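Okay, so here's the structure we're looking at.
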């Protein structure tokens, strides 16, 4: 049954936590094999405002997922890299791999025949195999380490539920510095481009984002490292449309513990 709903705005907030264990094994002659298995936890909160700023609850509020949390396995990734060293403190790495579609996917949330039924808008995975490529150049000198890197994740086909994930392109440049015997500091700029994604052939906007990253690594001894990073959004834009609303990630915090043998 159709019901007329007065004009209003929907404001959504998302808190996203990802646990991403990664194991890397060194092979002969500078080769390295890596595996990453992400687990996602997401919390949603949705508020509704009339055009005059007052709050209300539309009839469809229960179907919008307000106050809900979901969790599950993401798409694992396997990578093979080749690392080389050259005189003058130069280090280079080139790698390639693939993400495996093991994360849970959902039906098209924009489909007409789903209106009025409970819908899940967040997916744990893409439902598609995606090739990956990355490259990094590092220069070490007198306690400083400058670096530049780029990465690509490609999308080539539509999954069984009519979804074609975006391709993702990244680039970063920055420097780290030894801070005494136990700490390293890092400053970097990251650029990310996410292309349009598609539901049943209909495209939805992609996104450009420029972020500043700050990090601190503590050497705990016995080859253990503790790392903390904060990323802050500097600028963003939509791809494929002139204007529009988007879910914005203003900042993120990353905590990591690693051990190297």
- Message: Given R₀ = 41 Å, what would the calculated FRET efficiency be for residue 137 paired with residue 39, taking r from the Cβ atoms and rounding to 0.05?
- Response: 0.85
- Quarter of the surface of the C-alpha convex hull for the chain, i.e. direction-averaged projected area in nm², equals 17.1
- Item | Evaluated at q = 0.16, 0.25, 0.28 Å⁻¹: base-10 log I(q)/I(0), Debye formula over Cα of segment 154-199 | -0.60, -0.87, -0.95
- Query: Once both labels are modelled 7 Å past Cα along the beta-carbon direction, what's the residue 73-residue 19 spacing in nm?
  - Reply: 1.4
- Given a Förster radius of 22 Å and the C-beta distance between residue 110 and residue 12 as r, what FRET efficiency does 1/(1 + (r/R0)^6) yield to the nearest 0.05? 0.90
- Counting pairs of alpha carbon atoms under 8 Å apart in space and at least six apart in sequence, what relative contact order in percent does the chain give? 10
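Each value in this text was obtained by applying a stated rule to the coordinates, not by laboratory testing. Note that the structure is a prediction, hence the values are computed from the model and not measured. Neighbour counts are summed over all protein chains in view; Cβ atoms, including those assigned to glycine, are modelled from backbone coordinates with ideal geometry.
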